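S.K.: Sharing a structure with you now.
The values are calculated or read from the model by the stated rules, or taken from the named source; none is laboratory data. Since we're looking at a predicted model, the values are computed, not measured. Cβ sites come from the backbone with ideal geometry, for glycine too, and all protein chains shown count toward neighbours. Accessible surface is based on the protein model in full, side chains and every heavy atom, while ligands, DNA and RNA are left aside. Shrake-Rupley method; radii C 1.70, N 1.55, O 1.52, S 1.80 Å.
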Amino acid sequence: MKLCITGGGTGGHLMIAEALSEAAVADGHEVIFVGSTSGQDRKYFQKYSNFSNVYFLETTGVVNKKGIAKINALYKVFQAFLEARKILKKHKIQAVYSVGGFSAAPASFASLSLFIPLFIHEQNSVEGRLNRLLKKYAKSFISAYDKNSPVKGYPVKEFFYKNARCRDKLKTIIFLGGSHGAKAINDLALHVAYKLQKMDIAIIHQAGEADYERVRQEYDRLGVSVELYGFTKKLPELITRADLAVSRAGASTLWELTANGCPAFFVPYPHAAGDHQYYNAQFLVKDNVAWCEREGKNLKPKLIKVLKNPQLKEKSEKLLHYTNGNVAQQMIQDVQKKMK
């Protein structure tokens, strides 16, 4: 089978694309990627990937644009749509899998225009606008939050399952500020850094490229030892070393932590579309396997309260039973079945 995976913009979408490509290639299929020149797409796949070919088309997000900016964004999508049609024809693509994000629009619409079967994965508990629009045209619509989904669970890299472990003692904490840097999480890390050092808890911190220098200088001023990163593709390895995470609640990060058995204190991005990060986290909080707090002045005492009694073993054991390790493979098998 010749498959095109499309989508991206943010690391969350791209991690799904990576997990799907791993499963497809392992099953003997040829896979190409169509993404965007904007966002994180190039950083993830331009130099090394499982894809036989990668393409980055000039697109930007449309949803938050107004007036001339929106018209220009739509025109770019149309031009990219025409280019995507050529790419799908060139590689004789038999199915297109959208993992969401603005990067997915050109190839998704191109697949429909060429009568190539379209498959969609929705990563969040609140459906994205593009996915809502295309859902009725898709052969399959996969979501970990949808009881009617033909595949249950969330696709993450096999690494997280193979290296999963039950946490029983808080020795290392990881702060995940995201590729762009979440100031609220970075500031929270700095506010509790001295306390963590006193508690003999090692700190791993991904601060994001934009906020890296400020955070580095603050740790130096505090005299606190930290393993600090801006952007890194070593996150899977770093997560496996951590016993507790403080993180945004983007779907891919949430399910990677879950698959690895790492409990998390989630601080959802307050401006996410449909407040989806909050609802992503609530999916775990309702079963008492995670914590979730809104951004605000009370984050520090709330996190310190968790640090004093994290109940790691109980939560970690439950998390390890939440997901199975072959979701990506099941999604590829679902494509093959629907293609017959």
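S.K.: Given Cβ point charges of +1 (Lys, Arg) and -1 (Asp, Glu) and nothing else, what value in debye, to the nearest 20, does the dipole of the range 88-158 about its Cα centre take?
M.R.: Working: 11 positive and 4 negative charges, 49 e Å.
Rounded to the nearest 20 debye, it is 240 debye.
S.K.: Return the whole-Å distance between the Cα centroid of the range 246-290 and the Cα centroid of the range 27-61.
M.R.: 26 Å
S.K.: Relative to the longest principal axis of the C-alpha atoms of the chain, give the angle of the C-alpha long axis of helix 251-260, reported between 0 and 90° and rounded to the nearest 10°.
M.R.: 60 degrees
S.K.: What accessible area per residue comes out for the chain, rounded to a whole number of Å², with a 1.4 Å probe? Mind showing how you got there, number by number?
M.R.: Numbers: 15540 Å² over 340 residues.
Result: 46 Å² per residue.
S.K.: Next question. Report the one residue of TYR269, LEU299, VAL246 whose Cα lies farthest in the direction of the positive end of the charge dipole of the range 245-316 (charges on C-beta: Lys and Arg +1, Asp and Glu -1; origin at the Cα centre).
M.R.: Comparing the listed Cα positions along the dipole, LEU299 ranks first.
S.K.: On to the next question. Working from the alpha-carbon coordinates of the chain, get Rg over Rh, Rh being the Kirkwood radius.
M.R.: Numbers: Rg = 20.2 Å, Rh = 20.6 Å.
My calculation puts Rg/Rh at 0.98.
S.K.: Could you pull out every one of the aspartates and glutamates with an alpha carbon less than 14 Å from that of LYS70, ignoring same-chain neighbours closer than 8 positions?
M.R.: none
S.K.: Rounded to whole Å and sorted largest first, what semi-axes of the equivalent ellipsoid does the C-alpha gyration tensor of the range 30-99 yield via the square root of 5 times each eigenvalue?
M.R.: On the way: eigenvalues 115, 45, 16 Å².
The three semi-axes for the range 30-99 are 24, 15, 9 Å.
S.K.: Let me ask something else about it. When each pair of different Cα atoms in the range 129-210 is counted once in the 1/r mean, what is the Kirkwood radius in angstroms, to one decimal? Before the final figure, lay out each step's value.
M.R.: Values: mean 1/r = 0.0605 Å⁻¹.
About 16.5 Å for the range 129-210.
S.K.: For the pairs LYS2/LYS152; LYS286/LYS308; LYS2/LYS234, note any where the Cα-Cα span goes beyond 26 Å. Let's see the in-between values first.
M.R.: Numbers: LYS2/LYS152 24 Å; LYS286/LYS308 21 Å; LYS2/LYS234 30 Å.
LYS2/LYS234, as the Cα separations exceed 26 Å there.
S.K.: Just the Kirkwood number for the range 269-326, please: inverse of mean 1/r across all distinct Cα pairs, in Å, one decimal.
M.R.: Working: mean 1/r = 0.0766 Å⁻¹.
About 13.1 Å for the range 269-326.
S.K.: Taking the Cα centre of the range 98-252 as origin, work out the dipole magnitude from +1 charges on Lys and Arg Cβ and -1 charges on Asp and Glu Cβ, in debye rounded to 20. Mind showing how you got there, number by number?
M.R.: Details: 23 positive and 15 negative charges, 95 e Å.
Dipole size: approximately 460 debye.
S.K.: Moving on to the next point. Ignoring ligands, DNA and RNA, what percent of the 1.4 Å accessible area of the chain is carbon and sulfur?
M.R.: Numbers: 7840 of 15540 Å².
The nonpolar share, carbon plus sulfur, comes to 50 percent.
S.K.: Angle, helix 183-198 long axis vs. longest principal axis of the chain, Cα atoms, 0 to 90°, nearest 10?
M.R.: 30 degrees
S.K.: In whole percent, what relative contact order does the chain give with Cα contacts below 8 Å and a gap of six or more residues? If you can, show how the numbers build up before the last one.
M.R.: Details: 691 pairs, mean separation 55.7, N = 340.
Contact order relative to length: 16 percent.
S.K.: So if I place +1 on the C-beta of Lys and Arg and -1 on the C-beta of Asp and Glu, and nothing else carries charge, what would the dipole magnitude of the chain be about its Cα centre? I want it in debye, nearest 20. Please report the intermediate quantities before stating the final value.
M.R.: Values: 49 positive and 30 negative charges, 113 e Å.
So the magnitude is around 540 debye.
S.K.: Another question, then. Can you compute the FRET efficiency between GLN46 and LYS308 using 1/(1 + (r/R0)^6), with r the Cβ-Cβ distance and R0 = 41 Å? Round to the nearest 0.05. Don't skip to the answer; put the middle values down first.
M.R.: Working: r = 45 Å, r/R0 = 1.09.
About 0.35, to the nearest 0.05.
S.K.: Determine, for each peptide in 157-164, 123-130, the mean count of other beta carbons within 10 angstrom over its residues, then list the peptides with the highest first. Don't skip to the end; give the middle numbers.
M.R.: Details: 157-164: 17.0, 123-130: 21.1.
In descending order of packing, they fall as 123-130, 157-164.
S.K.: Which order do peptides 27-35, 260-268, 3-11 fall in by mean Cβ count within 10 Å, highest first?
M.R.: Details: 27-35: 22.3, 260-268: 25.7, 3-11: 27.2.
Those peptides, ordered most packed to least, come out 3-11, 260-268, 27-35.
S.K.: Something else about it: How big is Rg to Rh over the range 214-340, alpha-carbon atoms, Rh as the Kirkwood inverse-mean-distance radius?
M.R.: Result for the range 214-340 is an Rg/Rh of 1.03.
S.K.: Sticking with this structure for a sec: What is the distance in Å between the Cα centres of the range 64-118 and the range 147-179?
M.R.: Each part reduced to its Cα centre gives a spacing of 31 Å.
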